[in-house]
Amino acid sequence: MIHHNPFLSLSLSVGDITQKGYEKKRGKLLAPYIPQIQGVDPSLQIEHRIQTSSQVAPPGSKQNKPRAANSRDECFRSDLHTEAVQAALAKYKERKMPMPSKRRSVLVQSSVEACTPPDTSSASEDEGSLRRQGRIASSSPYQAHPSVEHWFNRVIQGSSTSSSASSTSSHPGGRPHHATNTTSASAATVLADLMAHTQLDNHSAPPDVTGLSERSVHAERPQVASVRGLPRGYTHTSVMETADGVPVNSRVSSKIQQLLNTLKRPKRPPLREFFVDDFEELLDVQHPDPNQPKPEGGEMRPLNGEPLGVVTNWPPSLLASLQRWGTTQPKSPCLTALDNASKPIYTLTYGKLWTRSQKLAYTLLNKLSTRNEPLLRPGDRVALVFPNNDPVMFMVAFYGCLLAELVPVPIEVPLTRKDAGSQQVGFLLGGCGVTLALTTDACQKGLPKAQTGEVVTFKGWPRLLWFVTDGKHVVKPPKDWHPPIRDASNEIAYIEYKTSKEGSTMGITVSHSAMLAHCHVLTQACGYTEGEIITNVLDFKRDAGLWHGVLTSVMNRMHVISIPYSLMKVNPLSWIQKVHTYKARVAVVKSRDMHWSLLAQRDQRDISLSSLRMLIVADGANPWSISSCDAFLNVFQARGLRPEVICPCASSSEAMTVAIRRPPEMGVPPPGKAVLSMSVLSYGVIRVDTDEKLSVLTVQDVGQVMPGALVCVIRVEGTPYLCRTDEVGEICVSSSSTGISYYGLPGMTKNVFETIPVTSSGAPISDRPFTRTSLLGFIGPDNLVFVVGKMDGLMVVSGRRHNADDVVATALAVEPMKFVYRGRIAVFSVSVLHDERIVVVAEQRPDASEEDSFQWMSRVLQAIDSIHQAGVYCLALVPANTLPRAPLGGIHSSETKQRFLEGALLPCNVLMCPHTCVTNLPKPRQKQPELGPASMIVGNLVAGKRIAQACGRDVSQLEDNDQGFNQDVLQWRAQATPDHPLFLLLNAKGTVANTASCVQLHKRAERVAIALMERGRLNAGDHVALVYPPGIDLIATFYGCLYAGCVPVTVRPPHPQNLATTLPTVKMIVEVTSISECSTCCLP
């Protein structure tokens, strides 16, 4: 019908009508041809149908066009989650897009209950579940609720919180609530009512963008919309009584009604009610919902991993393995480094790694000295500062420190003195006692320099000696020198840094025995064999990139192809190309890398992934990684990728690798997925959602427990009780392959690395200590481990747990999805009134207008409220490229939070919504049944009764030189200690401008006294105004007045540039104090 109307289409194209007018006319034309839902605005049905049909677009439509290769804003994106968010926002379609609004009257109804049906569905599933996608996309949100007519009748009748002072809603898009006492009000009546009041709605106040749901408004402002004297259930057309009980029509001014309510209150409470005891808690206590889901399963049992196999020729230490391969297989390739053009620039062999590590170890121990003493001794900590595109030099430095029995501390390269988190890294280095930093020549040249040419001392860092490990700076050891190769012990091997949720940086110590055991565990779990080729896309300095690409690879004589982060930004397909070129058997990636490769995969055709037997997804613990995994499989399955090859894993810095999905040849159970209710999950309870609701979270398993490990799940807070089988808790691991402590932090070490889980009866489950992993999850069927979040991203709001990554995914799913610049968004919580509040900070597109910003922000608020049932305290938008960045490109959340708290975020658009989430406001003062002691004391003081007195201690009598007044003391000091300096006057540069000793001050005061008596002819007791700036002249004149018996009155001099306002002040003081003489700087 629309396309056959040339006049309407032409009017829209030439700009004669707006898009809103076009939608309105289109709705009128289509209304007779679309069946209506009882009691629902037909325009809403039309919009929803058109929106739904547009989601199922043909392959050539605009929605299915590939995104640009530099678009990286979909790491958390899931097609089904996007549909879930759009469906949740469909119920807000009748509301106009909010704009910056003025403060509204407290009597204006702002509840969305009047215009929005109850939400019954929200959130996401994985992208791989394409069979359900069509059903969800084509279903109407109103069809999911069976009692739409009942809801609409209830809306027409009004609720107990409806405001009787508003005859028509001032909320744009909201319905004017004409009351009817019958439940059979027809939709035609409502539509006629809408048409009758369209003009009123058009001139209403700007919308309240934070009034999101029936739940939040009832909880926040239960008394705002109710009017005194109005019975429950009455609406604005009902009869109400005034203060005198006279029935009046409800169409009265809100100000008049407010005045009447004020007159009905008592004029002034008794005096005693002002003095109450405030010892009780004033904040409203949030009581848990008695109907909230509770775990019903039995207590879980600790889960044992498979036995750790015994290898006959297993080396006694990692260094022994390096020595073995360096001497027996010297030409075997160990590591290949690539440049930004994806070309190999250097291949490090095991022979070269062995000899170069020996050279560096000998140089560090014997050629670095201060005052004829060695600079380093065995056990000292050394910082490794290497860029992410130079894995060869890092590997040589790492093993060189191990051979020298030094403890390497790998850190990121500091680019500027204001790097995010750089100060905390400096605290870690200072706590570890680091005095030497190893780096490359190219890296050192890029570091900030002082005027002397040396590397600057970064903020919070200790003074470091920088040593370049390039070949010309190291010395070949003598033939009789050999590094000590000892068996693995409990001595510290290396320290890996970790940034906590609060932003502090801690060092996790890993012993030689734990390092060896972890290599053994990974070798057995992944089935590593000698000579295998592995492609590593991760950071080789920490976490899985270090464990697989630097440690375990050397243990098994593997060849590592290292893909730098800078190359991935230029060519996201580089790692897939190297898998194809080198026929790699294993690849270690993140879901981000899989997602990036999807954006550029059309540019490359002749590649094959059939050689892969394991595709290890290092961040498989992130629930949203399943979207990238499924999408990657759908695209590359035609290029040789087998479904069973994808192996997600879960790890943490403290416990290292916790679980990993085994390769298929090991006879493990098939992978599993769980579709969980996100609403129930916020209470820490596991419920499988089978009703195809939108508020779901689809998670994939991260495999089985590591060999030789004992795993359990404990309560997040309080005593570490074992969780029930259907309860989410923190995963704990007891194994010989975990970290041993936080360096220099014994208290936190005991809490994290020495946890003793107990049963419900209080009995320990084992005599072995457990290590907390900071992973939130549960043990599913077939002993598979499922992870639903991390402690670092946990936000407990009003007793419910929300994960920051889930909120990020919801915000990024709001249209337009590319509004957030490059997907840079940070979600964290801040404490307000003893509860956590959600804060969302995002970078907006450079070309975004203020109107676009507030429209997007309002939709984000609505989506988060619908899907997570949580209010947002603050949503801030900052310009592009202004949020602090992590070393490998992500947003530094803790630094962003710190800037938010300090007010240094400098946002360009802010939407504060405290009333939607701060529901525990202080309770109103109640009349106390009886008076307490504090009330009696305050009441007596107000009444003027003197109930006590206080006096200070007696001042001791002066000695023989007892002087009664200051001027007498100065005269005595001028004789006893004439040269003692009393005052120093400093100038603006901080240097001494003038001085005054005892005798100098005495003589200047005498001259002032003589001038007052001779020239001014003043008598004792006269008032003298001293119009001086602070300085020695003021002090000398002050004492001169005391010498002359006059009363000095110090007055601030008038400002020479603002005499009009400062001079009258001087005049007033002179008149009030009866000044007889004014003294200024012109006096001697």
State whether segment 954-1070 is rounded, prolate or oblate according to the following rule on the C-alpha gyration tensor (a ≥ b ≥ c being the square roots of its eigenvalues): a/c under 1.5 gives rounded; otherwise a/b larger than b/c gives prolate, and the remaining case gives oblate.
oblate
Report, by chain and number, residues whose modeled amide H sits under 5 Å from the one on Val832, excluding near sequence neighbours (fewer than 5 apart, same chain).
Arg837
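Is the shape of segment 384-509 rounded, prolate or oblate, going by the alpha carbon gyration tensor and its root eigenvalues a ≥ b ≥ c, with a/c under 1.5 for rounded and a/b larger than b/c for prolate? Before the final figure, lay out each step's value.
Numbers: a/c = 2.14, a/b = 1.26, b/c = 1.70.
Here segment 384-509 falls in the oblate category.
For a protection proxy built on the mean count of beta-carbon atoms within 10 angstrom, sort 500-512, 413-425 highest first, please.
Descending mean neighbour count gives 500-512, 413-425.
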Taking H placed 1.01 Å from N in the peptide plane, check which residues at least 5 places from Ile891 or on another chain put their amide H under 5 Å from its amide H.
Ala886
Evaluate E = 1/(1 + (r/R0)^6) for Glu491 and Asn881, where r is the Cβ-Cβ distance and R0 equals 45 Å; express this FRET efficiency to the nearest 0.05.
0.50
For segment 608-722, what does the alpha-carbon gyration tensor say about shape, rounded, prolate or oblate, given a ≥ b ≥ c as the root eigenvalues, a/c under 1.5 as rounded, and a/b over b/c as prolate?
oblate
What figure, in Å² to the nearest 10, do you get for the accessible area of Arg1007 with a 1.4 Å probe and non-protein molecules left out?
120 Å²
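Ranked from highest to lowest mean number of other Cβ atoms within 10 Å per residue, what is the order of the peptides 701-707, 433-439, 1069-1075, 387-393?
Numbers: 701-707: 25.1, 433-439: 20.4, 1069-1075: 13.6, 387-393: 22.0.
Listed from highest to lowest mean packing, they are 701-707, 387-393, 433-439, 1069-1075.
What FRET efficiency do you get for Thr312 and Glu502 if R0 is 56 Å and r is their Cβ-Cβ distance, rounded to the nearest 0.05?
On the way: r = 47 Å, r/R0 = 0.85.
After rounding, the FRET efficiency stands at 0.75.
Note the per residue figure in Å³ for the convex hull of the C-alpha positions in segment 783-922. Intermediate values should be presented prior to the final figure.
Values: hull volume 18.3 nm³, N = 140.
Looking at segment 783-922, the number lands at 131 Å³ per residue.
Which value in Å is the Kirkwood Rh of segment 486-558 over different Cα pairs?
Numbers: mean 1/r = 0.0751 Å⁻¹.
Hydrodynamic radius (Kirkwood, Cα pairs) of segment 486-558 is 13.3 Å.
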Label model pair Tyr721, Arg822: point-to-point distance (7 angstrom along the Cα→beta-carbon line) in nm is 4.7 nm
Evaluated at q = 0.14, 0.19, 0.20, 0.23 Å⁻¹: base-10 log I(q)/I(0), Debye formula over Cα of segment 518-630
-0.54, -1.00, -1.10, -1.41
Rounded to whole Å, give me the distance from the Cα center of segment 365-442 to that of segment 659-729.
39 Å
Under 5 Å from the placed amide H of Val685, counting only residues 5+ away or on other chains, we find Val728
Arrange the peptides 561-571, 651-661 so that the one whose residues have, on average, the most other Cβ atoms within 10 Å appears first.
651-661, 561-571
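The values are calculated or read from the model by the stated rules, or taken from the named source; none is laboratory data. What you see is a predicted model, and the numbers here were worked out from it, not measured in a lab. Cβ coordinates were reconstructed from backbone atoms using ideal geometry, including for glycine residues, and neighbour counts include every protein chain displayed. Accessible surface areas use protein heavy atoms only, side chains included; no ligands, DNA or RNA. Shrake-Rupley method; radii C 1.70, N 1.55, O 1.52, S 1.80 Å.
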